[in-house]
Amino acid sequence: MRAALDLATNSAEGTRAVAEAIGTLLEPGDVVSLTGDLGAGKTAFVQGAARALGVAEPVLSPTFTLVREYEGTTRVYHLDVYRLDRLQDVLDLGFDEMLDLGGIVFIEWGDAIQALLPESYLQVELTMRQDEPETVRRLVADAQGPGWALRWERLEQLVGPWRVA
Ligand SMILES: Nc1ncnc2c1ncn2[C@@H]1O[C@H](COP(=O)(O)OP(=O)(O)OP(=O)(O)O)[C@@H](O)[C@H]1O
Ligand SMILES: [Mg+2]
């Protein structure tokens, strides 16, 4: 049975590394929704996943630009919808086209545009805890919809080193 994967990292590089492992499973048309605490490492996650997708350029936060586009083995889009007020603002960025053209789309604060997300996507929630060192991050990876069913076992294997009980 498929269950959410509870993960932890001890550094920004650790978060990049687990994201890189997950990134090896991403396919054109995939959406990864990143949620959780402010400053928890959503951008760091995309930096790591982009490595697996052959992006050579540095991946910078799209907090102010709203969307950044990279050329890897496939096109990679990195959105931050924190400042967007309306779903229409996201559509105006060309959101539908990004998926139609076979891009892979990472969305920081993706839970804010739930209604626009496809039936299937990967959700990763990143959080920090008061009682843990400042560099520890908890990640919960969970698939929405049926799209990840065939990849789930492989995903569990890949993130094994970062799993927590
Ligand atoms: N385990 C960790 N994983 C990720 N980042 C970490 C970790 N430990 C410390 N950090 C630091 O936390 C910060 C995370 O920043 P990042 O921009 O990736 O977060 P974010 O969730 O995208 O922020 P925002 O909510 O502003 O978009 C970086 O300064 C990074 O070095
Ligand atoms: Mg960010």
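The values are calculated or read from the model by the stated rules, or taken from the named source; none is laboratory data. Values in this document were obtained by computation on a predicted structure and should not be read as measured data. So basically every Cβ, Gly included, is an ideal-geometry build from the backbone, and we count neighbours across all protein chains shown.
Observations on the structure shown:
- Some residue of segment 52-63 being at pLDDT below 95 and either β-branched (Val, Ile, Thr) or assigned to a strand (DSSP E or B) (or both): yes
- Yes/no for Trp162 being of a type in the set (Phe, Trp, Tyr), touching a strand residue (DSSP E or B) at 6+ places or on another chain (Cβ under 6 Å) and modelled with pLDDT of 95 or more: yes
- Of all residues in segment 7-32, those that are basic (Lys, Arg) and assigned to a helix (DSSP H, G or I) have Cβ atoms under 8 Å from Cβ atoms of residues that are modelled with pLDDT of 95 or more and near ligand 1 (Cβ under 8 Å from one of its atoms), 6 or more apart or on another chain, in Arg16/Ala44; Arg16/Phe45; Arg16/Gln47.
- Residue within segment 104-123 that is surrounded by 12 or more Cβ atoms within 10 Å (Cβ to Cβ), out of contact with any strand residue (DSSP E or B) (no Cβ under 8 Å at 6 or more places or on another chain) and closer than 21 Å to Ala21 by Cα present: no
- Flag for Leu79 being away from ligand 2 (no atom under 14 Å from the Cβ), outside any helix (DSSP H, G or I) and over 23 Å from Glu134 (Cβ atoms): no
- The residue list Leu87, Leu91 contains one member that is among the aliphatic types (A, V, I, L, M) and surrounded by 15 or more Cβ atoms within 10 Å (Cβ to Cβ), which is Leu87.
- Taken over segment 54-66, the criterion of being of a type in the set (A, V, I, L, M) and either within 12 Å of ligand 2 (Cβ to nearest atom) or in contact with an Asp or Glu (Cβ under 8 Å, 6 or more places away or on another chain) (or both) is satisfied by Val55, Val59, Leu60, Leu66.
- Test: Pro133 is at pLDDT 95 or above and assigned to a helix (DSSP H, G or I): no
- Condition met for Glu156 (out of contact with any helix residue (DSSP H, G or I) (no Cβ under 9 Å at 6 or more places or on another chain), surrounded by 11 or more Cβ atoms within 10 Å (Cβ to Cβ) and of a type outside the set (Ser, Thr, Tyr)): yes
- The single condition among (1) more than 16 Å from ligand 2 (Cβ to nearest atom); (2) farther than 18 Å from Ala21 by Cα; (3) of a type in the set (Ser, Thr, Tyr) that Thr74 does not satisfy is (2).
- A residue that is within 15 Å of ligand 1 (Cβ to nearest atom), of a type in the set (A, V, I, L, M) and touching a residue at least 12 places away in the same chain (Cβ under 8 Å) cannot be found anywhere in segment 91-104.
- Only listed residue being at negative phi and touching a strand residue (DSSP E or B) at 6+ places or on another chain (Cβ under 9 Å), chosen from Asp96, Asp142, Asp131: Asp142
- Across segment 65-78, a minimum of one residue is classified as within 11 Å of the chain's Cα centre (by Cα) and either of a type outside the set (Val, Ile, Thr) or within 16 Å of ligand 1 (Cβ to nearest atom) (or both).
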